[in-house]
Amino acid sequence: MNARISRPLLTLFALGLAAALVSSPAVAATAAKPTAAKPAATKPAAGTAGAKTPASDDVPFWTGNPDAATFAKRQEDRLVKAKAAIEKLAAVKGARTIANTLMPYDEAQIQLDAAAAQTSLMENVHPDSTLRAMAEEEDQKVSALATEISLDRRVYDALSKLDVSKADAETRFYVERELRDFKLAGVDKDDATRARIKVLRDTLVKIGQEFDRNIRSDVRTIQVNSAADLAGLPDDFIASHKPGADGKITLNINYPDYVPVMTYCKNEDVRKRLYMEYNNRAYPKNIEVLDRMIAKRGELANLLGYPTYADYITANKMVGSSKNARDFIDKIVAASGSSADRDYQVLLQRKQKDVPGATGVNFWETSYWSEMVRKSDYAFDSQSVRPYFPYDEVKQGVLDVSSKLFGVTFKRVPNAPVWDPSVECYEMYDNGKLSGRFYLDMHPRDNKYNHAAQFDIKTGVEGRQIPEAALICNLPGGTPGEPALCEYNDVNTFFHEFGHLLHTMFAGHHKWCGVGGIRTEHDFVEAPSQMLEEWMRDPATLATFARHYQTKEPIPAATVKQMNRANDFGKGLQVRRQMVYADLSLSVYDRDPKKVDTTELVKSLTKAYQPFPYVEGTHFQCAFGHLDGYSAVYYTYMWSLVIAKDMFAQFDKNDLLAPGVAKKYRDAVLAPGGSAPAAKLVENFLGRPFNFNAYQAWLNEAN
Ligand SMILES: [Zn+2]
């Protein structure tokens, strides 16, 4: 086991360009590994809820509504059980068997998974600060134990001696993959090296926390003289930004200010000033933190026998090597050239109408002129579709579409134990049998995770426990009596995250926890989620639930087509921006750390891939959180998108809700979870290895 502890997958880093262009929204915080939960610990504490204690592990995980101490105790119990299982495995004398070795090993996985997932979830969502702090503390203990086990020679030796030649394919794959990941973790190194690895990993956790903290805590502002400087912004924005005592209006660099200002504000100077602050978040502090992170990771990779950290981290990904990741980026860059050029000419020509003689477009102008293009060339105003997307209808629509596609039913569970009264619990039934449970925590709340993500709660294990997971989003709604109208991107986010959730639900029925859930290669996890977004673009699908909140008219097909065209504008430029991020992510880790100058890299990559000139004095890399969490593998998003486009091409565009292909997809790709290599699963579905054709067609399709 390679310390596969819940690490949220971050949202695509997409604000370099027009905010609403390409629909690659929020990304799941799916743990790179799933979880599994535990019985005794999940049983209700005495006297809670008046419920009798079910015999199975299928009770909702929040049963008993634990306080901080009870919550901590549950996690501590899990760690004790995980350790006991490992000791039991280590103590075996004589022949290694699946029963005396793999079973206790998987039991440890079940315990660690549940603890990791639930501490990660609670530190991000629980309304009580004491419980959140407790969850953080427990999370650190879980990470420490996972690292310790990953370096435990006794466990590795035990698994190596296991003869699985006569076992089923899943069991063989499980053991093979674990042995590989133990080696990647450094288990076969000598004592001194392993001790150093442990120190480096612990240090890197702290460096990562420092990097993230600097980003979170640096909220910069600018001031403008009066509301006249905000011309072009919506009235409700201006109304909520009143002048202070000195008559000046303050704007900050968080999304709710930054995105509208960059998109609508007519005053170029205001946009430019806010752009400069946004692109210096966590500067200069994080320049040094980043250098330290890169250096320590380089040292860790060398200790583990790899020339660079990029070589190390890609070794167990679909892409397979740092060189392949580099080739992939080069290929996408080449494929997006003509599309990006075309987009740029449209932007420049639009600017020239208002600014005769303009010779170029600057970064702080891209969102603004993109919005102008959408209005003039596509006659589309994003505000016009909101009335068709009241939150409650959208929610029911996502459930109904999924139900129809995949042949399952969803039932709301009234009065289920939840961490906040606004959270809804649903159960999934497959052929009448309870087969999963999930929670929708969909609206903003103080101190709650502020992006969009799917969090694991526990991995399903057939015959023992059903999968549980949660969607944590920040969509309109939650206040009774309000229509809660969603934006196009909100609906897209819901479909995206639900794609992750279905993956978790369908993949939670294996006999081993260690191959269940989204335990697939990290560069595959965004494929099922990005593919489900396609249904949001289908007029017939939208007409089944998107009805005007006043007239109840379904959204007209013509409007959906117009919306799709307008939202497609700029995809070539957006892909190129993504390649700046992907190349930067790879480049800071694929060479000698001493030769890495992050600012110089940003400059040269911007020049190579984008028509907008690099702006002197900016340092976006300081707030590029993925450089910690994703390290060298930011290419993941585009890699998954290539596969998603190929898989989606198998569906009948004239009848997207037809169940045949969906059933095949569910069985071949989603249900297997981590029981086989992702490339194999995709090949089983397609009948051939995946290729670039569908992606390329999408990229070049004129809109
Ligand atoms: Zn995602």
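The values are calculated or read from the model by the stated rules, or taken from the named source; none is laboratory data. None of these values were measured; they are calculated from a predicted model. Note that each Cβ is placed from the backbone with ideal geometry, even for glycine, and that neighbours are counted across all protein chains shown.
Residues are listed down the side, and each one gets a yes or a no for (1) under 23 Å from residue 171 (Cα atoms); (2) among the aliphatic types (A, V, I, L, M):
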site: 109; (1), (2): yes, no
site: 113; (1), (2): yes, no
site: 130; (1), (2): no, no
site: 137; (1), (2): no, no
site: 146; (1), (2): yes, yes
Quick check: is even one residue across the range 529-537 closer than 22 Å to residue 389 by Cα and away from the ligand (no atom under 16 Å from the Cβ)? yes
Residue count, the range 632-684, condition charged (D, E, K, R) and closer than 15 Å to residue 521 by Cβ, comes to 2
Taking residue 202, is it assigned to a helix (DSSP H, G or I), touching a residue at least 24 places away in the same chain (Cβ under 8 Å), surrounded by fewer than 18 Cβ atoms within 10 Å (Cβ to Cβ) and out of contact with any strand residue (DSSP E or B) (no Cβ under 8 Å at 6 or more places or on another chain)? yes
Can residue 515 be described as at pLDDT 95 or above and surrounded by 24 or more Cβ atoms within 10 Å (Cβ to Cβ)? yes
The range 215-237 - residue that is crowded, with 16+ Cβ neighbours inside 10 Å and hydrophobic (A, V, I, L, M, F, W, C) and, of those, nearest to residue 619 (Cα to Cα): 215
Residues of the range 443-493 classified as part of a strand (DSSP E or B) and under 18 Å from the mean Cα position of the chain (by Cα), total: 12
Pairs, please: C-beta under 7 Å, at least 6 apart or cross-chain, first residue part of a loop (DSSP other than H, G, I, E, B) and modelled with pLDDT of 90 or more and in the range 228-256, second surrounded by 10 or more Cβ atoms within 10 Å (Cβ to Cβ) and among the basic types (Lys, Arg)? 231/266; 232/266
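Residue-wise test of (1) surrounded by fewer than 18 Cβ atoms within 10 Å (Cβ to Cβ); (2) at pLDDT 50 or above; (3) among the charged types (D, E, K, R); (4) more than 16 Å from the ligand (Cβ to nearest atom).
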{"position": "26", "(1), (2), (3), (4)": "no, no, no, no"}
{"position": "30", "(1), (2), (3), (4)": "no, no, no, no"}
{"position": "49", "(1), (2), (3), (4)": "yes, no, no, yes"}
{"position": "85", "(1), (2), (3), (4)": "no, yes, no, yes"}
{"position": "88", "(1), (2), (3), (4)": "yes, yes, yes, yes"}
Kindly indicate whether any position in the range 387-401 is within 16 Å of the ligand (Cβ to nearest atom) and assigned to a helix (DSSP H, G or I). yes
Hey, among 480, 593, which residue is closer than 30 Å to residue 607 by Cβ, away from the ligand (no atom under 14 Å from the Cβ) and surrounded by fewer than 21 Cβ atoms within 10 Å (Cβ to Cβ)? 593
Being farther than 30 Å from residue 550 by Cβ, among the aliphatic types (A, V, I, L, M) and either within 16 Å of the ligand (Cβ to nearest atom) or surrounded by fewer than 22 Cβ atoms within 10 Å (Cβ to Cβ) (or both) narrows 355, 423 down to just 355
Can you find a residue that is in contact with a Leu (Cβ under 7 Å, 6 or more places away or on another chain), in contact (Cβ under 8 Å) with a residue 60 or more places away in the chain and buried (at least 21 other Cβ atoms within 10 Å of the Cβ) anywhere in the range 313-320? no
From the residues in the range 141-176 that are within 19 Å of residue 82 (Cβ to Cβ) and among the aromatic types (Phe, Trp, Tyr), which one is farthest from the chain's Cα centre (by Cα)? 156
Report every pair of residues separated by at least 6 positions or lying on different chains whose Cβ atoms are under 6 Å apart, first residue within the range 552-563 and over 13 Å from residue 382 (Cα atoms), second of a type in the set (Lys, Arg) and crowded, with 16+ Cβ neighbours inside 10 Å. 554/547
Do we find a residue being free of Cβ contacts under 8 Å to residues at least 60 places away in the same chain and either within 12 Å of the ligand (Cβ to nearest atom) or of a type in the set (Val, Ile, Thr) (or both) anywhere in the range 504-519? no
Among residues of the range 55-83 being over 18 Å from residue 439 (Cβ atoms) and part of a loop (DSSP other than H, G, I, E, B), the residue modelled with the highest pLDDT is 67
May I ask you to say which residue of 452, 470, 416 is closer than 14 Å to residue 60 by Cα, hydrophobic (A, V, I, L, M, F, W, C) and either within 16 Å of the ligand (Cβ to nearest atom) or modelled with pLDDT under 95 (or both)? 470
Pick from 368, 388: which is buried (at least 17 other Cβ atoms within 10 Å of the Cβ), touching a His at 6+ places or on another chain (Cβ under 8 Å), touching a residue at least 60 places away in the same chain (Cβ under 8 Å) and not basic (Lys, Arg)? 388
Any hit, the range 538-550, residues being buried (at least 24 other Cβ atoms within 10 Å of the Cβ), of a type in the set (S, T, N, Q) and either away from the ligand (no atom under 15 Å from the Cβ) or over 26 Å from residue 182 (Cβ atoms) (or both): no
Do you know which residues across the range 243-281 are small (Gly, Ala, Ser) and either surrounded by 14 or more Cβ atoms within 10 Å (Cβ to Cβ) or under 12 Å from residue 223 (Cα atoms) (or both)? 244, 247
Among the residues of the range 272-303, which ones are hydrophobic (A, V, I, L, M, F, W, C) and part of a loop (DSSP other than H, G, I, E, B)? 282
Taking residue 475, is it more than 25 Å from residue 643 (Cβ to Cβ) and either more than 14 Å from the ligand (Cβ to nearest atom) or buried (at least 22 other Cβ atoms within 10 Å of the Cβ) (or both)? yes
Out of 497, 526, sole residue that is closer than 22 Å to residue 312 by Cα, within 16 Å of the ligand (Cβ to nearest atom) and surrounded by 24 or more Cβ atoms within 10 Å (Cβ to Cβ): 526
Out of the range 676-696, which residues are exposed (fewer than 15 other Cβ atoms within 10 Å of the Cβ) and under 17 Å from residue 534 (Cβ atoms)? 693
